[in-house]
1. If you check Arg155, Arg166, which single one turns out to be surrounded by 16 or more Cβ atoms within 10 Å (Cβ to Cβ) and either closer than 16 Å to Asp206 by Cβ or charged (D, E, K, R) (or both)?
2. Return the residue satisfying two criteria in turn: it lies in region 112-135 and is at pLDDT below 85 and crowded, with 19+ Cβ neighbours inside 10 Å, and of such residues it is nearest to the chain's Cα centre (by Cα).
3. When you scan region 81-98, how many residues do you find that are surrounded by 18 or more Cβ atoms within 10 Å (Cβ to Cβ) and within 30 Å of Arg154 (Cα to Cα)?
4. Residues being among the β-branched types (Val, Ile, Thr) and free of Cβ contacts under 8 Å to residues at least 40 places away in the same chain: count how many of those fall in region 31-87.
5. Go through Leu165, Leu173 for me and flag whichever is closer than 30 Å to Arg15 by Cβ, modelled with pLDDT of 90 or more and part of a helix (DSSP H, G or I).
6. Tell me which of these Gln161 doesn't satisfy, since it passes every other one: (1) under 21 Å from the mean Cα position of the chain (by Cα); (2) of a type in the set (S, T, N, Q); (3) farther than 29 Å from Arg117 by Cβ.
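The values are calculated or read from the model by the stated rules, or taken from the named source; none is laboratory data. Bear in mind that the values here come from a model prediction, so they are computed numbers and not experimental data. A quick note on method: Cβ atoms are made from the backbone with ideal geometry, for glycine too, and the neighbour counts reach across all protein chains shown.
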Amino acid sequence: MWPVHTVIKVPSMARLLVVEDDETIGSALESSLSHHGHDVCWARCGRDALRDAEGRPFDLALVDLGLPDLDGIEVCRRLREVRPGCVQVILTARTDEMDVIVGLEAGADDYLTKPVRLAELHARIRAHLRRESGVAGEQAVLVHGLLHIDPASRRVTVDGQELLLRTKEFDLLLRLAREPGVAVRRETLMADVWDAHWFGSTKTLDVHVAALRRKLATAGTDRVPTISTLRGHGYRLEPPG
């Protein structure tokens, strides 16, 4: 099990961006999140959301996919460029799984389907903020072939060239790299990388593993680890060579 040496506390107030054009839903989200002590900025369209994000930092953004001006997926992509450290959670009523996968690949960290249950929403927000505010694990640089993972600086390099990873991609790679060759259950990865009290779909995990595989493959060398899928169990980091 991944050792944790620091007691992590969730900030009492976080800066949240809600991107939702539906007045009823947006008003309910703003009221509920504010009631829980968060500083909430509600944008009714994608362009307003991007303008707000350029003007101030946010800890987490809730982004509706069905916006009147810009597609929510495009908003996620541009938010990632403007505020790379902001956690993004997609809110969607779309039933096509590909929409969710495309959104996650565009920069989102998680998703919730509408109608959103407020209890689950608050649990997810606490989980993400807890992970982002903490320092987990030891700080020694991990080396697997040409792959170097530095937890202190949160940098990953292959043969000296930096590999750009999103927040959860880095956390997931670090978690697997701490136990190379060990089969890690899906539930363990969700607990360690997302939150011990996580509930809901684990499709997020699969999408992040797929993204990691692609980025490791772009290194163009067999001297980096690969990630194996263990059906019905989880994943395993295979050391190079």
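1. Values: Arg155 fails: surrounded by 16 or more Cβ atoms within 10 Å (Cβ to Cβ).
Only one candidate passes the filter, namely Arg166.
2. His128
3. Going residue by residue through region 81-98, those that are surrounded by 18 or more Cβ atoms within 10 Å (Cβ to Cβ) are 83, 86-92.
From the residues that got through so far, the ones that are within 30 Å of Arg154 (Cα to Cα) too are 83, 86-91.
Selection size over region 81-98: 7.
4. Our first condition is that a residue be among the β-branched types (Val, Ile, Thr); within region 31-87, this holds for 40, 63, 73, 75, 82, 87.
Next, only the ones that are free of Cβ contacts under 8 Å to residues at least 40 places away in the same chain stay: 40, 73, 82.
Residues that pass the stated criteria total 3.
5. Leu173
6. Looking at each condition in turn, Gln161 falls short on (1).
Residues are listed down the side, and each one gets a yes or a no for (1) touching a residue at least 24 places away in the same chain (Cβ under 8 Å); (2) part of a loop (DSSP other than H, G, I, E, B):
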site	(1), (2)
Gly181	yes, yes
Met190	no, no
Thr204	yes, no
Val209	yes, no
Leu216	yes, no
Val224	yes, yes
